[in-house]
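No value in this document is a laboratory result; all are computed from the given coordinates. Since the model is a prediction, treat every value here as computed from it, not as a measurement. Note that each Cβ is placed from the backbone with ideal geometry, even for glycine, and that neighbours are counted across all protein chains shown.
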Amino acid sequence: MSLRVENLVFTNRNFTLRVEKLEFESGRLAAIVGPNGAGKTTLLKCLAAIHPVSRRVIFRGRQDLAALHPAERARLISYVPQEHSPVFSYTVRDFVLTGRAAHLALFSLPSARDEAAAEEALEFVGLEPFAGRPYSQLSSGERRLVLIARALAQKAEVLLLDEPTTFLDPKHEWAVLELIRRLTDERKLTVLVTLHNLDMAVKYSDTLVFLKGGRVTAAGRPDDILTERLLRDVYDMPMKIVPCDGRKLIVR
Amino acid sequence: MKENRRKRRAALAAVIVALPIILFFVSLNVGSYPIPLRDVGKSLLSLVVPSFRSEVPPAVRDIILLIRLPRLLLAVAAGASLAVSGAALQALFKNPLVNEYILGLSSGSAFGAALSLVFLGRAFPPQAGAFLFAVVAVLAVLLMAGRLEASLVSLLLTGVIVSAFFSALLMLVEFLASPYALQSLFYWLMGNLSLAGWGDLALSLPLMAAGLALLFLLRWRLNVLSMNEEEARAMGVDVRREKWLVILAATLITAAATSVAGIIGWLGLIVPHLVRMAAGVDNRSVIPLSAALGASFLLAADAAARSLTSIEIPIGIFTSLIGIPVFLALLNKSKKVWL
């Protein structure tokens, strides 16, 4: 199912995000880019219902997501935060298991089926050997993967990731993006990811969305919309697009 | 090695659960008048099998059934309540240093007890007033902190403010009180299980049982609630509603325990902490094990308070004197438990 945003207006203090229309298809990876403070994270948080959104703004097919019960909505949309600073040192297994909350009634405990879903999510990100380790002892690359596994355990069709590669070295950055690409292709998820690395955004995404000052500047296939002029308009600095090995590199 | 660790944790958990049961029966023996185990057993059995009634002296039977049994039941229930309430609030506020009195409950209930003792007299039990104002204090904190989404810091600050307010009111009441009323007030303030009779327990035991059951049912949910609030919301949790539920249950059991047993400090901080060190931070085990260890802690402290000296030391003094050094030792040793 596709995810559609129509006439979204969200104001937080003196920042306003306005999106007239955006559509995200299943089996497609959309990268949301733009300068700091452009509203990338705000957009994701609106979609994840972390920020309150009015009715008839976010749709799945014809279904209004704001009309759903929180747990119902969370079974459709999952969200991976940028970072999680742990207070209690849950094991990786228990941590990922909390992603099952949307499937469990208030007073119930996770069943063997929930345990299996968590186990399977951990396996997909390649961290099942870490299941018994405390989350707090993992490296930041491993933590990102655990956060993704927790969202996968939620078994939603839409996956939102907020800057999943910030602070990662090139190898871990590559691993996380490959994983996200695989999720899009193999599981046909609708994936939205905010990124700062433009090269990676161009390489991995099917759709690029440029945001600036709370507005969508351009959206479409990278090949169709990416121009030096657009980059200069969005980032207020000159950038060059250099073809290399059949890819487009962006040079500052 | 991992398998070993799991086995060790399971064994520890079994010990923690068995502890209050053993301590309960041992505690029935000890006190200013030691009673042999055989007579304890016969007195208890006489409740179900009337023929045992003639085998123990009536005075012994009365000590066991009318004095020690309600007192120990209160120790079990109050110990479990204070520890579970601490554990639940620590998870909810994502802070292992929060205690069950953080939301102004202790000063509220102290004021309520004082008010009752001074103006309604000693014949009227102070429990009702203590319970009422404990709840009032917590509600005042929640209302003043505004929305329940309020940050931990603003809740803590409001807790401090409300505590200060009720402490001032308490002093005012103390100023107006007769020395006679003051004496009973101080006795209550220091935490005391000896005031408990069956009459006092009739209301507070069911309240504690209900609140404990609610938090026990919510024990896995506490894991989810102990995550960042935004994450919990994205995971489909109605954070506001579930926060209310946890705070309500924790307030209910702390207020019920405090109103009958007085202010018993440090238990809600140390017990969950020890449990997390021994058995890990998963609230599915932290909640039941905190209940068992909290009950044991209070039973042991009460037995010591009753038998170490010829006069009975108020138990609140005892738990603080044991609790503070234990906590300092833990603090030095165990930073890794939280981070």
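Against chain A, whose longest principal axis comes from its Cα atoms, helix A:140-153 is set at around 70 degrees.
The distance from the alpha carbon centre of the stretch A:150-178 to that of the stretch B:289-313 is 51 Å, rounded to a whole number. Sorting the segments A:127-135, B:315-323 by their residues' average number of neighbouring beta-carbon atoms within 10 angstrom, most packed first, yields B:315-323, A:127-135. FRET efficiency for the A:R247 to A:D169 pair, using the beta carbon distance and R₀ = 22 Å, is estimated at 0.60. Annotation: average projected area of the stretch B:2-338 is 19.0 square nanometres, based on the convex hull of Cα atoms across all directions. Decide, for the stretch B:10-127, between rounded, prolate and oblate: order the square roots of the alpha carbon gyration tensor eigenvalues as a ≥ b ≥ c, take rounded if a/c falls under 1.5, and otherwise choose prolate if a/b is larger than b/c, else oblate. It comes out oblate by the Cα gyration axes.
Average projection, convex hull of the Cα set of the stretch A:88-155: 4.3 square nanometres. Rounded to the nearest Hz, the phi-derived 3J(HN,Hα) couplings of the stretch A:124-136 under the Karplus curve 6.51 cos²θ - 1.76 cosθ + 1.60 (θ = phi - 60°) are 4, 8, x, 10, 4, x, 8, 3, x, 7, x, 4, 5, where x marks glycine and proline.
Placing unit charges on the Cβ atoms of the charged side chains and taking the dipole of chain B about its Cα centre, the candidate lying farthest along the positive direction among B:A88, B:A257, B:Q183 is B:A88.
For A:V216, nonlocal amide neighbours, meaning residues 5 or more places apart or on other chains whose placed amide H falls under 5 Å from its own, are A:E20.
If you take every residue apart from A:V57 with its C-beta less than 9 Å away from the C-beta of A:V57, what net charge results, scoring Lys and Arg +1 and Asp and Glu -1? Once positives and negatives cancel, what remains is 0. Here the protein assembly as shown has an Rg and Dmax of 29.1, 101 Å, counting Cα atoms alone. Taking a ≥ b ≥ c as the square roots of the Cα gyration tensor eigenvalues, with a/c under 1.5 meaning rounded and otherwise prolate when a/b beats b/c, else oblate, which class fits chain A? Oblate. DSSP assigns beta bridges within the protein assembly as shown; of those with both partners inside it, close to 60 percent run antiparallel. Averaging the Cα positions of each part gives two centres, and for the stretch B:79-148 and the stretch B:1-48 these lie 30 Å apart.
Mean projected area of the Cα convex hull of the stretch A:1-96, taken over all directions, amounts to 7.9 nm². For A:D233, what charge total do you get from the other residues with a beta carbon under 13 Å from its beta carbon, if Lys and Arg give +1 and Asp and Glu give -1? Combined, the nearby Lys, Arg, Asp and Glu give +2.
With the helix formula -39500 (n - 2.57) applied to DSSP H stretches of n ≥ 4, chain A reaches a computed 222 nm mean residue ellipticity of -9500 deg cm²/dmol. Here the stretch A:88-155 is assigned +1 on the Cβ of each Lys and Arg and -1 on the Cβ of each Asp and Glu. Its dipole about the Cα centre then comes out at about 220 debye.
Where does the charge balance sit around A:G141 when Lys and Arg score +1, Asp and Glu -1, over other residues with C-beta under 11 Å from its C-beta? Result for the neighbourhood of A:G141: 0. Contact order, relative form, for chain A: 27 percent (alpha carbon pairs under 8 Å, 6 or more residues apart, mean separation divided by residue count). Taking the Cα centre of the stretch B:2-338 as reference, the dipole from Cβ charges on Lys and Arg (+1) and Asp and Glu (-1) amounts to some 1100 debye. For the stretch A:112-252, the equivalent ellipsoid derived from the Cα gyration tensor has semi-axes of 32, 16, 13 Å, listed largest first.
Taken about its Cα centre, the stretch A:101-220 carries a charge dipole of roughly 340 debye when the Cβ of each Lys and Arg holds +1 and the Cβ of each Asp and Glu holds -1. Averaging the sequence gap over all C-alpha pairs within less than 8 Å and six or more residues apart, then dividing by the number of residues, gives chain B a relative contact order of 29 percent. Take the Cα radius of gyration of the stretch A:169-223 and divide it by 2.2 N^0.38 Å, N being the number of residues; the result is 1.19.
Relative contact order, whole percent, for the stretch A:120-252 stands at 15, derived from Cα pairs under 8 Å and 6 or more residues apart.
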